[in-house]
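Some notes on the structure that comes next.
The values are calculated or read from the model by the stated rules, or taken from the named source; none is laboratory data. This one's a predicted model, so the numbers in the text were calculated from it and none came from an experiment. No Cβ is skipped: glycine too gets one built from the backbone with ideal geometry, and neighbour counts run over all protein chains shown. For accessibility, only protein heavy atoms count, side chains too; no ligands or nucleic acids. Shrake-Rupley method; radii C 1.70, N 1.55, O 1.52, S 1.80 Å.
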Amino acid sequence: MSPLTRSRMTVTEVGEFLRDPPAGFSVETLGSDHRVHSDDDTNLVLIDDFQFCSGKITFQNSLGRKVKMRNLWECTRVRQSLLSKRIYLLVTSCDQNPSVTKKETKDLKVGMQYVVSLDGRNPFLKWQMERGLDRTISSVAGESYWVDIDIVEALETWTAEQQLPGDAMKTKPVWRDASFTLKYESDALFDFPHWFGFSKRTFKLRVT
């Protein structure tokens, strides 16, 4: 990857991440399980506990893939973290048969698991998140919302950059779980848009 793209996003296979954790992380081995510790001042981890081939992986102090916020203070804190820290997310690549269509997802074969990191401090990514949040959240105080932040397009760009000359026919993976969710439920009794699903919104992040 180019230095610019690398500064915005990194993609690391889970086994490699455990063997050689990046700055701000340390890994504690407990039998066949692993407990991952991180520096909360610089990293925002959004990874649920999951089962890896060697055992269970737990990221300490992770907010999880679905971040639930109960008041304006928590909304402000999460927003500031997204725009000032490096964000970590677990994604899965699936192998796709060339004949498989979008409607035939049952034929997808689960492949590798990766830890993806996005630099929320990077001006380009920060601008996208600020604009996306402003457009999808109209009123935190009186309206519930559910915002999915999708990074599939960013991963597809990364995949394309990994292909060397002569690999044009290489099968492209299908990325799963490549998003995280901010979920806020207000105390408003008559929040009809939320009841009917109109407050569920999505915006996508790009790295180029």
- Message: What are the pairs with Cβ atoms under 6 angstrom where one residue, in the stretch 65-76, is in contact (Cβ under 8 Å) with a residue 60 or more places away in the chain and the other, located anywhere, is open to solvent by 20 Å² or more (accessible area, probe 1.4 Å) and not in a strand (DSSP E or B)? Sequence gap at least six, or different chains.
- Response: ARG65/ASP48; LEU72/VAL140; CYS75/VAL140
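For every residue, the table says whether it meets (1) among the hydrophobic types (A, V, I, L, M, F, W, C); (2) over 14 Å from the mean Cα position of the chain (by Cα); (3) within 23 Å of THR181 (Cβ to Cβ).
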site	(1), (2), (3)
SER62	no, no, yes
ASN71	no, yes, yes
CYS75	yes, yes, yes
LEU82	yes, no, yes
- Message: Within the stretch 90-201, considering only strands (runs of 3 or more DSSP E) that don't extend past its boundaries, which have at least 1 residues that are within 21 Å of VAL67 (Cα to Cα) and at pLDDT 95 or above?
- Response: 109-119, 145-150, 179-184
- Item | Selection from the stretch 67-94 of residues that are buried (at least 17 other Cβ atoms within 10 Å of the Cβ) and basic (Lys, Arg) | ARG79, LYS85, ARG86
- Note on the structure: Residue pairs qualifying under the 6 Å Cβ cut-off, at least six apart or on distinct chains, with the first in the stretch 31-45 being farther than 16 Å from GLN80 by Cβ and in contact (Cβ under 8 Å) with a residue 12 or more places away in the chain and the second being open to solvent by less than 60 Å² (accessible area, probe 1.4 Å) and among the β-branched types (Val, Ile, Thr), are HIS34/VAL27; HIS34/ILE57; ARG35/THR58; VAL36/VAL27; SER38/VAL45
- Taking only the stretch 24-66 into account, find how many residues are on the phi < 0 side of the Ramachandran plot, assigned to a loop (DSSP other than H, G, I, E, B) and open to solvent by 30 Å² or more (accessible area, probe 1.4 Å). 13
